[in-house]
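Since the structure comes first, as structure tokens, the remarks are kept for the end.
The numbers here are math on the coordinates, done by the rules we state, and not lab data. Note that this is a predicted model, so its numbers are computed, not measured. Here the Cβ positions follow ideal geometry from the backbone for every residue, glycine too, while neighbour counts run over all protein chains shown.
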Amino acid sequence: MTKLGLFVPNFGPTATPDLLRGWVRFAESHGFDLAMMSDHVAPTRDVTDLYPSPFYDPFATLAWLGGLTERLELGTTVAVVPYRHPLLTARMANNIDQFTGGRFILGTGVGWSEAEFAAVGVPFRERGRMTDEYLRVITDAWANDVVSFDGEYVSFRDVATGPRSARAPHPPLWIGGWGPAAVRRVVRFGDAWHPNQLDLERVEATLPLLREEAERQGRAVPAFCPRMRAQVTEGALLETGRPFGRGSLAQIRGDLATLIELGAAYVVLDTSPDHPGDRRPPERDWETLAAVVAA
């Protein structure tokens, strides 16, 4: 059975402790299984044009929200892997998973803001190779009590990795992205493919590639766990050219049903507008989400 999640906007004027608390309380009271939030370490102008300040760190915020929830899974959509030392990412994920009794999901991506990469001193054009190396370190740290590594970007000897996660053998690792490199990365390291900005034709073309790559690598096929926009309009939109996840309530429900039919293990609903100036009060988003899942 497909589990439903929602995206919690951890940025902008509506990101306050009270409203962040309100999001997860809404999620638990309306039967959602998962709440996720995004990641920026040093929001530069290109980032704040889309995700205004203030921007709450997802790991710190999710650790706090874990203490305010009882059954809700919590995760990142997505943590930008090259921004943090992989041993730190592995440890923070395990810490939060311990604190929440096995309710943390580490969703990851390679990042997109060249200016932000420059701000944190990380080479933008090497982010794919860095992500692959960092994911190797993260998964090694999750699997072993003591790890050593000698790579292109990080090297260390005899580092203790505890505490272990509460969920064996490690927190679920979701990996986003599109294209051949992302497909290889998901199969090699991930438990799930976590695409965003969905295009149905592209999704349907990528799912068979994941199965083929899994067979080539001799690994299990990753789960399909997409993040889907849920932007309800006043009336139905013409199907020709309609963005997936945008339209009438019936159209949004139909898009959700399509992902379920494609075998989605989770679907994370995102009510964020295309432009920050169009953001509505959280209560309006909660009304939309409640209506989408009411069917």
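Quick notes on this one:
- Shape of the range 128-171, Cα gyration tensor, a/c cut at 1.5: oblate
- Hypothetical label at Ala290: residues of the range 222-243 whose amide nitrogen lies under 20 Å (7 Å Cα-Cβ projection): 230-234
- One Cα centroid belongs to the range 65-88, the other to the range 187-242; the line between them spans 21 Å.
- Farthest towards the positive end of the charge dipole of the range 80-171, among the residues Val81, Ala166, Ala115, is the Cα of Ala166, using unit charges on the Cβ of Lys, Arg, Asp and Glu.
- Taking every DSSP bridge with both residues inside the chain, close to 15 percent are antiparallel.
- Computed magnitude of the charge dipole of the range 80-171 (debye, nearest 20; Cβ of K, R +1, Cβ of D, E -1): 300 debye
- Compared with the direct C-alpha span, the chain from Glu212 to Ala143 gains 22.2 nm at full extension, assuming 0.36 nm per residue.
- Within a Gaussian network of the chain (alpha carbon springs, distance under 10 Å), most fluctuating of Ala160, Ala63, Ala93: Ala160
- Across the range 80-171, Cα-Cα pairs farther apart than 22 Å form 30% of the total.
- Taking 0.36 nm per residue of separation and subtracting the Cα-Cα distance, full extension of the segment from Ala42 to Ala118 would add 26.4 nm.
- Unit charges on C-beta of K, R, D, E only; dipole of the range 165-257, Debye: 360 debye
- Residue order for Met92, Met1, Met37, fewest other beta carbons within 10 angstrom first, comes to Met1, Met92, Met37.
- Ascending count of other beta-carbon atoms within 10 Å, so fewest first, for Ser248, Ser155, Ser165: Ser155, Ser248, Ser165
- In degrees, nearest ten, helix 249-261 long axis to first principal axis of the chain (Cα): 40 degrees
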